[in-house]
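The block underneath contains the structure these notes are about, expressed in structure tokens.
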Amino acid sequence: LREYRELAAEESYEPIISDLLSRQDFFPYMQKNARAQFGRFFYDEWELERSRINAKVQSLSYFAHGLRANQLRIPAFITHQFLHGDTMHLLGNMFFLIVCGFAVEAAIGHWRFLLFYLISGVVAGFSQVAFNWESSSPLVGASGAISGVMAMYLAIFRLKKIEFFYWFFFFVGYLRAPALLILPFYVGKEIYSYLNDTESNVAFMAHAGGFVAGAVLIGVAILFNRSMLNTTYIETDNTIDPQQQKLAEIYDAIGKFRFERALANVDELIKAQGLSFELAVIRYNLLKINRGDEYLAAIISLLSLPNLMPNDVKKLDKVWRDNPEAHAHLNDLSAIKLGMQFTALDNLQSAEEIFTLLTRRAYASPAMPVFASKLAKAFQALREHEKKAHYEMLTQQLSKQHLQGV
């Protein structure tokens, strides 16, 4: 009441309204006592509208599926773990899940990781409600479960340092996490926050409960079945790969608009490890800025790369369509290999262009009927029957020409 009066004196009414609507104990209290406070006709109108408002409030996800101490429901011990208060709450949790979660999952297996994760979240929920059985505030978030993951990470890797390469748009680098050194800082932070930040809505006891649950689960599991640990992964040397370090430097230079430096690093890395699709794309994009003498060569090198993954072929298709001036400079062998890769795409325009280009060049190779056959099958999958029949006819013609030539 004192807080409400202070807010009212400041004419700050929205926090009061929000708090009154979300307090689960206030509406039942008003139902019992409002008749004595309101006039008869106003009370009847108020009760109808207030009941509708309350139903709306209760349908909000964090009320409907959050964990509330004064209205415990078994499903909420699971569902609350997948709800978050806002975007930063979600991103913060996902960051720690990425840092520790991948390593723990690789060490103990997918299904065991999922089970331990959910159990840690359930225990975290119990821990939080046990300290305030009368609370009507819903608990949401994966923090308790992720605290359990952190405990498992500490137990498995101890003093071992795990290094993670990260790339988020232009933010790149390495994160090196020594396991056991995290423990005193983490536990100390939680205890200090619980004792000193009494007004916070952070569920500190849920964090502590999840952490203890994760430690107990992994300890018992290792005690009874030590062979469950992937020792090969755990004992792998996680020092920084020099080539990955070079790649990080390239992205860092791009992020700082130092394109000449980035290009020099790309050329150096290509000499050291050969031309990969990623390096070829970076080099192409850097040279596209000024379109100098090396730009055409970069396009040809990129278009000549064989045996690419489907997503890479889609990117290559765009490079082909964006640079028609380079088509004539692509040799026959590289062109037919590229065209066959394009037959796996939903849009076969580029594949047909290459087939037409090679036909005009009178490219007589046993691969041409194979190329035509691939186009026929691709158009059949797209249910374009006229083009399917056209390329089937060309397949037969090219096969006969090849046999006659032999």
Report summary line: Within region 289-313, of all residues that are of a type outside the set (A, V, I, L, M) and part of a helix (DSSP H, G or I), the one surrounded by the most Cβ atoms within 10 Å (Cβ to Cβ) is Tyr295
Report task. Of the numbered conditions (1) acidic (Asp, Glu); (2) open to solvent by 70 Å² or more (accessible area, probe 1.4 Å); (3) closer than 30 Å to His327 by Cβ, Glu235 fails exactly one; give the number of that condition. Result -> (3)
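Just name the residue that is most open to solvent (accessible area, probe 1.4 Å) out of those in region 94-109 that are β-branched (Val, Ile, Thr) and under 12 Å from Ile146 (Cα atoms).
Among those residues, the one meeting the criterion is Ile98.
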Query - Wholly enclosed helices (runs of 4 or more DSSP H) of region 71-162 bearing at least 2 residues under 30 Å from Asp25 (Cβ atoms) - result: 76-79, 87-96, 110-130, 143-157
Requested in this report: Kindly indicate whether any position in region 86-93 is in contact with a Phe, Trp or Tyr (Cβ under 6 Å, 6 or more places away or on another chain) and surrounded by 14 or more Cβ atoms within 10 Å (Cβ to Cβ).
Outcome: no
Report summary line: Flagged pairs (Cβ under 7 angstrom, 6 or more apart or on separate chains; first in region 121-138, hydroxyl-bearing (Ser, Thr, Tyr); second open to solvent by 40 Å² or more (accessible area, probe 1.4 Å) and modelled with pLDDT under 85) are Ser135/Asn70; Ser136/Arg23; Ser136/Asp25; Ser136/Asn70
Requested in this report: State which residue pairs qualify: first residue of a type in the set (Asp, Glu) and inside region 1-29, second residue surrounded by 12 or more Cβ atoms within 10 Å (Cβ to Cβ) in any location, beta carbons under 6 Å apart, and separation of 6 or more residues or different chains.
Outcome: Asp25/Ser136
Report task. Among the numbered conditions (1) more than 26 Å from the chain's Cα centre (by Cα); (2) hydrophobic (A, V, I, L, M, F, W, C); (3) under 13 Å from Val140 (Cβ atoms), tell me where Leu83 comes up short. Result -> (1)
**Report entry** Hits in region 44-72 - residues which are open to solvent by 70 Å² or more (accessible area, probe 1.4 Å) and under 27 Å from Phe126 (Cβ atoms)
**Finding:** Ser59, Leu60, Tyr62, His65, Gln71, Leu72
Requested in this report: Among the candidates Ala213, Ala208, single out the residue that is small (Gly, Ala, Ser), modelled with pLDDT of 65 or more, under 24 Å from Leu139 (Cα atoms) and in contact with an Asp or Glu (Cβ under 8 Å, 6 or more places away or on another chain).
Outcome: Ala208
Report summary line: For region 314-363 the number of residues that are under 23 Å from Lys388 (Cα atoms), of a type in the set (Phe, Trp, Tyr) and either open to solvent by 40 Å² or more (accessible area, probe 1.4 Å) or touching a His at 6+ places or on another chain (Cβ under 9 Å) (or both) is 1
Query raised in the report: Yes or no: Val129 within 16 Å of Ile78 (Cβ to Cβ), more than 18 Å from the chain's Cα centre (by Cα), aliphatic (A, V, I, L, M) and open to solvent by less than 20 Å² (accessible area, probe 1.4 Å)?
Result: yes
Query - Test set (1) touching a residue at least 12 places away in the same chain (Cβ under 8 Å); (2) farther than 30 Å from Gly274 by Cα - Glu384 fails condition number - result: (1)
Query - Failed item in (1) surrounded by fewer than 19 Cβ atoms within 10 Å (Cβ to Cβ); (2) within 24 Å of Phe157 (Cβ to Cβ); (3) within 17 Å of the chain's Cα centre (by Cα); (4) not charged (D, E, K, R), with Leu118 passing the rest - result: (3)
Requested in this report: Tally the residues that are in a helix (DSSP H, G or I) and open to solvent by 80 Å² or more (accessible area, probe 1.4 Å), restricting the search to region 8-43.
Outcome: 11
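The values are calculated or read from the model by the stated rules, or taken from the named source; none is laboratory data. The shown structure was predicted, so the numbers you read here are calculated from the model rather than taken from an experiment. Backbone-built Cβ (ideal geometry, glycine too); neighbour counts: all protein chains shown. For accessibility, only protein heavy atoms count, side chains too; no ligands or nucleic acids. Shrake-Rupley method; radii C 1.70, N 1.55, O 1.52, S 1.80 Å.
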